[in-house]
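What follows is a set of notes on a single structure, which appears directly below.
What follows draws every value from the coordinates through simple rules; no lab data is involved. Computed from a predicted model, the values in this text were never measured in an experiment. Methodologically, a virtual Cβ is constructed for each residue, glycine included, from the backbone with ideal geometry; neighbour enumeration extends over all protein chains shown.
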């Protein structure tokens, strides 16, 4: 049995979110939440919210024991990129790419 949660259109690049995802993959739920609380990163705050949502889904929807849960999968896929323009010299325009990501966390119960 597994519990899953997804946050879509998070305003952080997937490249930065993947670094945070690598920190907690395979860890117990308590250890993962501790790591995310002490990581000074915008992606860590978003991932923490998704992990807590998956934990709530596991307890309320699937009746799983929170002490036996661990982070089985966590991945951050690239979302759509917002394209903006900044004025440059001599009438030029410079692009600004505001990247987004979709963060997904899957929790499983240890046997």
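I'd like to compare 47-56, 78-87: which one has the highest average count of other Cβ atoms within 10 Å, and what's the full order after that? Numbers along the way, then the final one.
Numbers: 47-56: 19.4, 78-87: 11.4.
So the order, starting with the most tightly packed, is 47-56, 78-87.
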Within a Gaussian network of the chain (alpha carbon springs, distance under 10 Å), most fluctuating of 26, 91, 63: 91
Residue with peak Gaussian network fluctuation, the chain [Cα springs, cutoff 10 Å], from 92, 45, 15: 92
